[in-house]
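Participant: Quick one: the structure is below, and I'll ask about it shortly.
The values are calculated or read from the model by the stated rules, or taken from the named source; none is laboratory data. All of these numbers come straight from a predicted model, not from anything done at the bench. Backbone-built Cβ (ideal geometry, glycine too); neighbour counts: all protein chains shown.
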Amino acid sequence: MKTQQITRQYLESLTRQELIILSENYMIDVPEDIDRQILIGEILDLASFDKEPGSDNGKNQEHSSGSNGKDSFFLFGKAFISVVFRNPRWAYAMWEIPEADFVRIRDDPEFNYLFLRVYTYQGGTDNESDSDFFNINLGIDDRNWSIYLNEQIQSLKVCLFASIGEEEVEIASSRRVYLSFGSIEGLKPLVKADSNPLLELSGIRRIRERQFNFHRQTFD
């Protein structure tokens, strides 16, 4: 039996109910009030990966490895992650995953968890291989995270991964962001200022340190 080629012209010719039935073959969760053009776009996106919905080809593609594995099964080109420095000690990352990808990740029987991989760089090196990294496990619904940094870190890049089976699938990667070079040690004018011993008992030094770490732009 000849398989109908999924094109925009073909989808435009279908009724709404026929589109909903077709979308079920691609495991698309269709809200009642979904816009017709958005639904058509979702089907077109997934049809480019699953040529025969419901056939073994789609299953083999989903569970194979290497270049034909999960990296190509998901539409990760549409996901994004962005990161900025809040101050020398904290960075803030935020990301978004297209709904179709999110559903596929969440419902994959081998899905374990999402995590951030934070690549850190010390000094002024531009060599991508000259880096260290650490991972931060995430909740499935997390869409942002504050990252505490060692004071020697001067640039970083953050990538969003999904742990699926034994694979680590990269969903999105941020650009590399930089902090002005140099140590912040010795740049705490009020933190190290002499104060009355009685005031020290009040915890004023800790208050000054916190103020500097989180609001250093207020210091001259």
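Participant: Surrounded by fewer than 18 Cβ atoms within 10 Å (Cβ to Cβ), touching an Asp or Glu at 6+ places or on another chain (Cβ under 6 Å) and modelled with pLDDT of 90 or more: does that describe Gly165? Reasoning before the result, please.
Facilitator: Working: surrounded by fewer than 18 Cβ atoms within 10 Å (Cβ to Cβ): yes; touching an Asp or Glu at 6+ places or on another chain (Cβ under 6 Å): yes; modelled with pLDDT of 90 or more: yes.
The answer is yes for Gly165.
Per-residue answers, yes or no, for (1) at pLDDT below 75; (2) surrounded by 15 or more Cβ atoms within 10 Å (Cβ to Cβ); (3) in contact with a helix residue (DSSP H, G or I) (Cβ under 8 Å, 6 or more places away or on another chain); (4) assigned to a strand (DSSP E or B):
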{"position": "Met1", "(1), (2), (3), (4)": "yes, no, no, no"}
{"position": "Gln5", "(1), (2), (3), (4)": "yes, no, no, no"}
{"position": "Gln9", "(1), (2), (3), (4)": "no, no, no, no"}
{"position": "Ser23", "(1), (2), (3), (4)": "no, yes, yes, no"}
{"position": "Leu46", "(1), (2), (3), (4)": "yes, yes, yes, no"}
{"position": "Pro53", "(1), (2), (3), (4)": "yes, yes, yes, no"}
{"position": "Gly58", "(1), (2), (3), (4)": "yes, yes, no, no"}
{"position": "Phe85", "(1), (2), (3), (4)": "no, yes, no, yes"}
{"position": "Ala91", "(1), (2), (3), (4)": "no, yes, no, yes"}
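Participant: Does the stretch 168-201 hold any residues that are in contact with a Pro (Cβ under 8 Å, 6 or more places away or on another chain) and modelled with pLDDT of 75 or more, and which are they?
Facilitator: Leu179
Participant: Failed condition for Asp141, given (1) in a loop (DSSP other than H, G, I, E, B); (2) in contact with a strand residue (DSSP E or B) (Cβ under 8 Å, 6 or more places away or on another chain), with all others met?
Facilitator: All conditions pass for Asp141, except number (2).
Participant: Would you check which residues across the stretch 137-153 are over 11 Å from the mean Cα position of the chain (by Cα), closer than 24 Å to Pro88 by Cβ and not polar (S, T, N, Q) and list them?
Facilitator: Answer for the stretch 137-153, where residues must be over 11 Å from the mean Cα position of the chain (by Cα), closer than 24 Å to Pro88 by Cβ and not polar (S, T, N, Q): Ile147, Tyr148, Leu149, Glu151, Ile153.
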